[in-house]
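> Take this structure, written in structure tokens, and hold onto it; I'll ask about it next.
The values are calculated or read from the model by the stated rules, or taken from the named source; none is laboratory data. What you see is a predicted model, and the numbers here were worked out from it, not measured in a lab. Cβ: placed from backbone, ideal geometry, glycine included. Neighbour counts: every protein chain shown. Surface accessibility is based on the protein's heavy atoms, side chains included, excluding ligands, DNA and RNA. Shrake-Rupley method; radii C 1.70, N 1.55, O 1.52, S 1.80 Å.
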Amino acid sequence: MEQFTSLSPATALKTDIHTHLTGAPRSAELIRLGLLHDLPYPAAMLRLAGIPLPDGIRLVEEDTRILPGGIAAPARGSPMIPLRSLPPRSLALLEAAMEMPRRPADGSGPDPFLLLERAYSVRRPLGAHPALLAGILESVAADARQDGVRHIELSASAPLTEDGEAWMQAAERAARATLASQGVRILFLATVNRHAPPEAITRALARLDEMMAGHPLLAGLDIAGHETNPTGDFMPAVAAWAATRVRQGLPAIVRVHAGETPCHPGNVRMALEGFREAGLPPGMGRIGHALYGVGRREVALAREIGAVVEMGIGSNRALGYRSGPGRSGGGGRLARLISAGVPTVLGTDGHGIYGTSPAREAVRALRDGASAAVMAEVARHEADHLRRVAAAFPAVA
């Protein structure tokens with residue numbers, strides 16, 4: 001297991017702006033909250049986690065459905081089991097199934113992204129449960145505060161669902177409570193799957209406009225999902241939406257997960273070109289990961305428009321994504337981008353599911369090719385981001 005030393009104030013991170021709500025809370029905390037609220041848990045997800053089912057529970061294939069993005073979920077009416085009725089051994093197995101397993105050194109084993117989808121599927125019945133939302137945000141904020149982090153941005157698909165209005169009202173109440181109790185500010189980005197059909201993305205963006213008009217803590221858009229399609233599939237619609245907001249004087253953060261995998265080397269460039277076409281102000285266009293497909297052209301364009309790159313070294317390593325002569329998980333890329341003048345920060349990508357923290361990400365960066373001077377620049381870019389957010393979204397300041 002990796003050993004992590006404490007960080008000096010000069011290298012500690014102050015933000016975690018690339019993380020996902022369902023992946024953020026620690027697994028043990030999710031189960032604790034589920035037990036506290038006496039929640040049931042789907043038998044189908046216990047089966048997915050490899051946990052023995054209680055006597056008398058029988059499942060059929062139709063008890064599991066697949067959501068967009070490959071996440072599994074229980075079908076309506078499929079068996080539910082009270083969490084309190086599960087033996088300690090089953091709860092321990094459930095906790096482990098909610099985290100990414102350690103990747104073998106030789107890279108063998110199942111496709112890591114399939115393991116990630118399984119972990120999210122097992123987390124979702126608790127992580128997305130509205131009764132746990134306040135407790136989850138309080139827990140995430142407490143973990144952040146312990147690390148010295150004072151600003152988090154959580155991606156979630158819930159704001160764009162049928163119950164999105166009620167969800168955002170509850171989320172904003174909980175976020176304001178955590179600001180008062182923990183001194184940690186939480187903003188939200190609405191997640192849209194990169195594999196959604198164009199018409200579905202257009203509808204989602206229209207819905208996002210409506211939601212952002214009434215909810216100041218909803219700051220923008222996150223295009224996420226397994227990067228097995230070109231960014232060009234959805235970027236024209238995203239750029240057109242962002243351009244309209246820019247013309248209307250309305251703020252929006254737009255993050256595109258690009259360059260996370262080597263599947264489509266042009267994805268980072270297409271995202272940056274979309275940001276430029278939309279006229280997004282500096283810092284409002286963001287690239288998640290950018291580990292692959294970043295050359296001189298992309299660096300120059302990112303620098304020109306002030307796009308921010310968000311690097312997740314822990315998640316890159318867990319998913320087997322490494323790039324460069326030293327097979328860096330991102331620290332070397334971080335150092336090169338910083339040296340080239342590209343605003344670049346670190347994020348956990350969901351600290352609970354990856355078993356990491358902002359402090360651990362900083363240590364990984366230092367061990368993975370970044371220097372203390374590079375980390376000082378990361379801190380400066382974090383401060384720039386906080387100033388821009390305060391200016392663009394005055395209600396959250």
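> So how much slack lies between residue 210 and residue 36, counting 0.36 nm per residue of separation and subtracting their Cα-Cα distance, in nm? Let's see the in-between values first.
On the way: separation 174, 0.36 × 174 = 62.64 nm, distance 3.46 nm.
The span from residue 210 to residue 36 would gain 59.2 nm if fully extended.
> Of 250, 331, 318, which is farthest on the positive side of the dipole of segment 242-397, counting Cα position, with +1 on Lys and Arg Cβ, -1 on Asp and Glu Cβ, and the Cα centre as origin?
Checking the options against the dipole of segment 242-397, the answer is 331.
> If the elastic network links every pair of Cα atoms under 10 Å, which of 191, 64, 19 fluctuates the most in the Gaussian network model of the chain?
Per the Cα network of the chain with a 10 Å cutoff, 64 tops the list.
> Relative to the first principal axis of the alpha-carbon coordinates of the chain, what is the inclination of helix 372-392, with its axis defined by its Cα atoms, in degrees from 0 to 90 and to the nearest 10?
80
> In whole percent, what relative contact order does the chain give with Cα contacts below 8 Å and a gap of six or more residues?
Values: 741 pairs, mean separation 78.4, N = 397.
Relative contact order for the chain comes out at 20 percent.
> Continuing with this model, one more query. With charges only on Cβ, +1 for K and R and -1 for D and E, what is the dipole size of segment 175-326 about its Cα centre, in debye, rounded to 20?
Computed charge dipole of segment 175-326: roughly 320 debye.
> Still on this structure, please answer the following. Considering only 151, 82, 119, whose Cα is most displaced toward the positive end of the charge dipole of segment 67-171, charges sitting on Cβ of Lys, Arg (+1) and Asp, Glu (-1)?
Checked the options; the winner is 82.
> To the nearest 20 Debye, how big is the dipole of the chain about its Cα centre, given +1 on the beta carbon of each Lys and Arg and -1 on that of each Asp and Glu? Show your work: numbers first, answer last.
Working: 42 positive and 39 negative charges, 152 e Å.
Using Cβ point charges on Lys, Arg, Asp and Glu, the chain gives about 720 debye.
> Can you figure out the FRET efficiency of residue 66 with residue 376, using R₀ = 41 Å and their beta-carbon distance, to the nearest 0.05? Walk me through the numbers before you get to the answer.
Details: r = 45 Å, r/R0 = 1.10.
Result of the calculation: an efficiency of 0.35.
> To the nearest 10 square angstrom, what accessible area does residue 354 show with a 1.4 Å probe?
Residue 354 exposes around 30 Å² with every protein chain in place.
> In whole Å, how far is the Cα centre of segment 315-375 from that of segment 278-298?
16
> Run through the DSSP bridge list for segment 3-155 and note the antiparallel percent, rounded to the nearest 5.
Numbers: 6 of 10 bridges.
Around 60 percent antiparallel, to the nearest 5.
> Here is a follow-up. Where both partners of a DSSP beta bridge lie in the chain, what percent of those bridges are antiparallel, to the nearest 5? Before the final figure, lay out the partial values.
Details: 7 of 38 bridges.
The antiparallel fraction comes to roughly 20 percent.
> Please state, to two decimals, what the Cα-based radius of gyration of segment 165-208 comes to when divided by 2.2 N^0.38 Å (N = residues).
Values: Rg = 14.3 Å, N = 44, 2.2 N^0.38 = 9.3 Å.
Working it through for segment 165-208, the quotient is 1.54.
> Calculate the FRET efficiency for residue 75 and residue 244 from the Cβ-Cβ distance with a Förster distance of 35 Å, rounded to the nearest 0.05.
Numbers: r = 38 Å, r/R0 = 1.09.
That gives a FRET efficiency of 0.35.
> So how far apart, in nm, are the two label points at residue 304 and residue 142 if each is 7 Å from Cα heading toward Cβ?
Going by the 7 Å Cα→Cβ label model, 4.9 nm.
> In square angstrom, rounded to the nearest 10, how much accessible surface does residue 303 have for a 1.4 Å probe?
Surface open to solvent at residue 303 totals about 120 Å².
> Relative contact order for segment 139-227: what is it in percent, counting Cα pairs under 8 Å that are at least 6 residues apart?
Averaging sequence separation for qualifying contacts and normalising by length gives 34 percent for segment 139-227.
> Please compute the contact order of segment 6-89 in relative form: average sequence separation of alpha-carbon pairs under 8 Å and at least six residues apart, divided by the residue count, as a percent. Write out the running numbers ahead of the final one.
Working: 61 pairs, mean separation 26.2, N = 84.
About 31 percent, as a whole number.
> Oh, and also: Give me the Kirkwood hydrodynamic radius of segment 86-234, using the inverse of the mean 1/r over all pairs of distinct Cα atoms, in Å to one decimal.
On the way: mean 1/r = 0.0577 Å⁻¹.
It is 17.3 Å.
> Of the residues 260, 382, 29, which exhibits the maximal mean-square fluctuation in a Gaussian network model of the chain defined by a 10 Å Cα contact cut-off?
In the Gaussian network model the winner is 29.
> Compute the angle between helix 358-367 and the longest alpha-carbon principal axis of the chain, please, reported from 0 to 90 degrees and rounded to the nearest 10.
60
> Okay, next question. Quick check: the angle from helix 296-305's long axis to the longest principal axis of the chain, C-alpha only, nearest 10 degrees?
Approximately 90 degrees, to the nearest ten.
> Antiparallel DSSP bridges in segment 204-362: what percent, to the nearest 5?
Numbers: 1 of 16 bridges.
DSSP beta bridges in segment 204-362 are roughly 5 percent antiparallel.
> In the Gaussian network model of the chain, springs joining C-alpha atoms below 10 Å, which of 199, 172, 61 carries the largest mean-square fluctuation?
For the chain, modelled as a Gaussian network with Cα springs under 10 Å, the answer is 61.
> Report in % the part of the accessible area of segment 294-397 that belongs to carbon and sulfur, leaving out ligands and nucleic acids; probe 1.4 Å. All intermediate terms of the calculation are to be shown ahead of the outcome.
On the way: 2000 of 3760 Å².
Percent of accessible area from carbon and sulfur atoms in segment 294-397: 53.
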